[in-house]
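Chemist: Shown below is the structure under consideration.
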Amino acid sequence: MKKAWWKESVVYQVYWRSFYDTDGDGYGDLEGVIQKLDYIQNLGVDVIWLNPCYESPDVDNGYDISDYRSVMSKAGTLATFERLLQEVHSHGMKLIMDLVVNHTSSQHPWFKEARSSKDHPKRDYYIWSKTPNNWRSYFTPSVWEYDETTEEYYFHSFAVEQPDLNWQNPKVRQEVYSLMKFWLDKGIDGFRMDVINLLAKQEGFPDSNHPEDISYLGNNPGIHEYLREMHEEVLQHYDIFTVGEIPFVTPEDGLLYVGEDRRELHTLFHFEVCDNMSHWDMQRFKDIQRRWYNGLWGKGWNSQFLNNHDHTRLVTRFGNDSEYRVESAKCFAVLLHMLPGMPYIFQGEEIGMTGVRFDSIEDYHDIAMKNKYKEEVDKGRKPEEVFESLLHLARDNSRTPMQWNDSPNAGFTTGTPWIKVNPNYKEINVAKALKDPNSVYYFYRKLIQLRKEHQVMVYGDFQELFEDHQQIYSFIREYENERWLVLLNISDLLVEIELPESLALVEKEIILENYKVQEVSTDELKLKPYEARIYRIGSRG
Ligand code: TEU
């Protein structure tokens, strides 16, 4: 197994618009990230992933970029960004930026020029057709939008305001490589690449028999040629880290993106958990982990995340955000940090922040939710019923402001926050977590610290126990002379298990637990709701 700094890293995701507001406009800003760097550093993480802060009309919270070389005024200026980068480095951390090059904003000058006339030299920076096919986009009923001026349709995988770039055009590719170098030459440490497997499109756009399954948008012929070219022209010249956001991917195809001999990307986010598992499903989760471990181990590197700015906070979605909020947050923390692959923490996860439930569609801002709501209501469905059905997985669930303390607006802003603060901020906030040695925060910190001291958490192989158990997830990580046993009760029940004889007899030393462990080296174990334990175990007995 080849060692690398990025394999040993823990990534912290900063959704800056909801992190910390220093100018009172209700949006977090880059200055706010700078002011909170000590906090992030104290957690012990290695890399910060910053969501897009480029110039943007902001219809999709920065994922619709109108100028790749400047910073949107809500976030600050290019000078603020440069200071942030310098400060991140002087705090001993690294910074990766979001690279959003599957699409631009419809306000990008390239698109304005492209749509101005059929024979504009930039026309084929985008994808045009005289006739639409039957595909859906992520956010709208069709991937095609009619353009009045030139009487053709343009292609968009997301919102109408996010036209897809035409990667077949070598000029587009050169434009992208050049903007990547612009940021890399400033000293950033890599990219999180937004829906990077969507760049190549299907030749001829054939109609689909199942248009609601939008996987036709990704993994199309040509994608690996583009990524290799990008590697060749840009990535290989820098000591950086790249993680691709890659929906609709199996471990077999995943390896084509991250295989160590492939010269494409370092690692990926697949969405078998976050897109396909709306509630906790133990057997499915185990199966996903098993397949990805078998598919990648020794050949390519995996990433682990249980929520982000697009996916409902993990305690609300997978754990229990009322009675066992703290226990389940810690239990999933152990899962996240002990599975093979690098862990990503989404801001606020480290204090066990929960998903939100606002009363009205007016309180939500996300374009995905708003569009879906309108589409379903327009079909004649009852508004209340549509609203209710969208709540659980609404992207705004995880986008509410970071809860710093119990002062108004959770200490996030002195103005009016762009999105309402979760009303539970008096109970759940950073100030409170820092005062409580048993908080979720210190538990995350401990796990991150352990990774730095014990390479078994990074390079250890993975063997499962209790494979068919409905409540218990258990596995051993083993590296050189170190063997760690992980026992998790991912349920609201008290569960009793008996360790296999081979483990019952060996010595066990507790490394971390989220309850006070009573019994130590017995073979019969009672695990309380969401109880999590990590043991160091002796060599085979
Ligand atoms: O996300 C892609 C996306 O649609 C996710 O919501 C989805 O859950 C998964 O990632 C892929 O199936 C990215 C950004 O994270 C998101 O915020 C943007 O809206 C989107 O791309 C468009 O740029």
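The values are calculated or read from the model by the stated rules, or taken from the named source; none is laboratory data. Bear in mind the structure is a predicted one, so any value in this text is a computation, not a measurement. Counting neighbours? That spans all protein chains shown, and the Cβs are built from the backbone with ideal geometry, glycine included. Only protein heavy atoms, including side chains, enter the accessible area calculation; ligands, DNA and RNA are left aside. Shrake-Rupley method; radii C 1.70, N 1.55, O 1.52, S 1.80 Å.
Chemist: Please list GLU55, GLU225 in order of solvent-accessible area, largest first, computed with a 1.4 Å probe with all protein chains present.
Modeler: Greatest to least solvent exposure: GLU225, GLU55.
Chemist: How large is ³J(HN,Hα) for each residue in the range 231-238, as worked out from phi by the Karplus curve 6.51 cos²θ - 1.76 cosθ + 1.60 (θ = phi - 60°), to whole Hz, x for Gly and Pro?
Modeler: Whole-Hz 3J(HN,Hα) from phi for the range 231-238: 5, 4, 7, 10, 4, 4, 8, 10.
Chemist: Given the -39500 (n - 2.57) contribution per DSSP H run of 4+ residues, what per-residue ellipticity at 222 nm results for the chain, rounded to the nearest 500 deg cm²/dmol?
Modeler: Helix contribution divided over all residues of the chain: -8000 deg cm²/dmol.
Chemist: Relative to the Cα centre, what is the charge dipole magnitude of the range 109-155, using +1 at the beta carbon of each Lys and Arg, -1 at the beta carbon of each Asp and Glu, and rounding to the nearest 20 debye?
Modeler: 120 debye
Chemist: What fraction, in whole percent, of alpha-carbon pairs in the range 109-155 exceed 16 Å separation? Can you show the working numbers first?
Modeler: Numbers: 385 of 1081 pairs.
Above the 16 Å cut-off, the range 109-155 has 36 percent of its Cα pairs.
Chemist: Please list LEU306, LEU505 in order of solvent-accessible area, largest first, computed with a 1.4 Å probe with all protein chains present.
Modeler: These residues rank, largest area first, as LEU505, LEU306.
Chemist: Mind listing the long-range amide H neighbours of LEU95? Cut-off is under 5 Å, sequence gap 5 or more, other chains count too, H placed in the peptide plane at 1.01 Å from N.
Modeler: Result for LEU95 returns ILE48, ASP189.
Chemist: Give the percent of DSSP beta bridges with both residues in the chain that are antiparallel, rounded to the nearest 5.
Modeler: Antiparallel bridges: around 60 percent, rounded to the nearest 5.
Chemist: Hey, how many Å between the Cα centroid of the range 30-93 and the Cα centroid of the range 122-180?
Modeler: About 28 Å separates the Cα centre of the range 30-93 from the one of the range 122-180.
Chemist: What is the spread of the Cα atoms of the range 206-289 along each of their three principal axes, largest first, in whole Å?
Modeler: Principal axes ranked by extent give 42, 35, 17 Å for the Cα atoms.
Chemist: Calculate, in nm to one decimal, what ILE511 and ASP468 gain on full extension: separation in residues at 0.36 nm each, minus their alpha carbon distance.
Modeler: So the chain would gain 12.9 nm between ILE511 and ASP468.
Chemist: Next question, about the same structure. Testing the spin-label approximation: label points 7 Å from Cα along Cα→Cβ at LYS130 and LYS452. State their distance in nm.
Modeler: Distance between the two pseudo-spin positions: 6.4 nm.
Chemist: Please compute the Cα-Cα pair-distance distribution of the range 356-501 with 10 Å bins starting at 0, giving whole percents from short to long.
Modeler: Per 10 Å bin, starting at zero, the Cα-Cα P(r) for the range 356-501 comes out as 9, 22, 23, 25, 17, 4, 0 percent.
Chemist: Right, next: Between LYS3 and TRP297, what is the label-to-label distance in nm when each label sits 7 Å out along the Cα-to-Cβ direction?
Modeler: 2.1 nm
Chemist: Another question about this same structure. Please work out the average accessible area per residue across the chain, using the 1.4 Å probe convention, and give it in Å².
Modeler: 39 Å²
Chemist: Now, a different point. If you bin every alpha carbon distance in the range 461-537 into 10 Å steps from zero, what whole percent lands in each bin?
Modeler: 19, 58, 22, 1
Chemist: What order do you get for 204-213, 403-412, 121-130 when each peptide is scored by the mean count of other beta carbon atoms within 10 Å, highest first?
Modeler: 403-412, 121-130, 204-213
Chemist: Exceeding 22 Å between C-alpha atoms, which entries from my cross-link table qualify? They are LYS122/LYS201; LYS94/LYS432; LYS36/LYS370; LYS130/LYS374; LYS3/LYS299; LYS7/LYS299.
Modeler: Values: LYS122/LYS201 19 Å; LYS94/LYS432 28 Å; LYS36/LYS370 32 Å; LYS130/LYS374 27 Å; LYS3/LYS299 12 Å; LYS7/LYS299 13 Å.
The pairs that break the limit, which is 22 Å between Cα atoms, are LYS94/LYS432; LYS36/LYS370; LYS130/LYS374.
Chemist: Still on this model: Within the P(r) computed for the chain, what percentage of the Cα pairs occupies the region above 42 Å?
Modeler: Within the chain, distances greater than 42 Å cover 19 percent of Cα pairs.
Chemist: To one decimal place, what Kirkwood hydrodynamic radius in Å is obtained for the range 290-435 from all pairs of distinct Cα atoms?
Modeler: Result for the range 290-435, one decimal place: 16.9 Å.
Chemist: On to the next question. With N set to the residue count of the range 221-335, report its C-alpha Rg divided by 2.2 N^0.38 Å to two decimal places.
Modeler: 1.22
Chemist: Round to a whole number: what % of the accessible area of the chain belongs to carbon and sulfur, probe 1.4 Å?
Modeler: Here carbon and sulfur together make up 47 percent of the probe-accessible area.
Chemist: At 25 °C and 0.890 mPa s, what whole-number value in µm²/s does Stokes-Einstein give for the translational diffusion of the range 67-200, with Rh from the Kirkwood sum over Cα pairs? If you can, show how the numbers build up before the last one.
Modeler: Details: Rh = 16.3 Å.
The Stokes-Einstein estimate is 150 µm²/s.
Chemist: Mind listing the phi-derived Karplus ³J(HN,Hα) values for the range 31-47, rounded to whole Hz, using 6.51, -1.76 and 1.60 with θ = phi - 60°, and x for any glycine or proline?
Modeler: Here the 3J(HN,Hα) series is 4, x, 5, 4, 5, 9, 5, 4, 4, 5, 4, 4, 5, x, 6, 9, 10 Hz.
Chemist: Can you pull the accessible area of ASP261 for me, 1.4 Å probe, Å² to the nearest 10?
Modeler: Number for this one is 130 Å².
Chemist: Between ASP287 and ASP436, what is 0.36 nm times their sequence separation minus the Cα-Cα distance? Round to one decimal in nm.
Modeler: Roughly 50.0 nm would be gained on extension.
Chemist: Follow-up question, since we're still on this one. Please give, to one decimal in nm, the separation of the simple spin-label points placed at ASP25 and ASP406, each 7 Å out from Cα toward the Cβ.
Modeler: Here the modelled spin labels are 3.3 nm apart.
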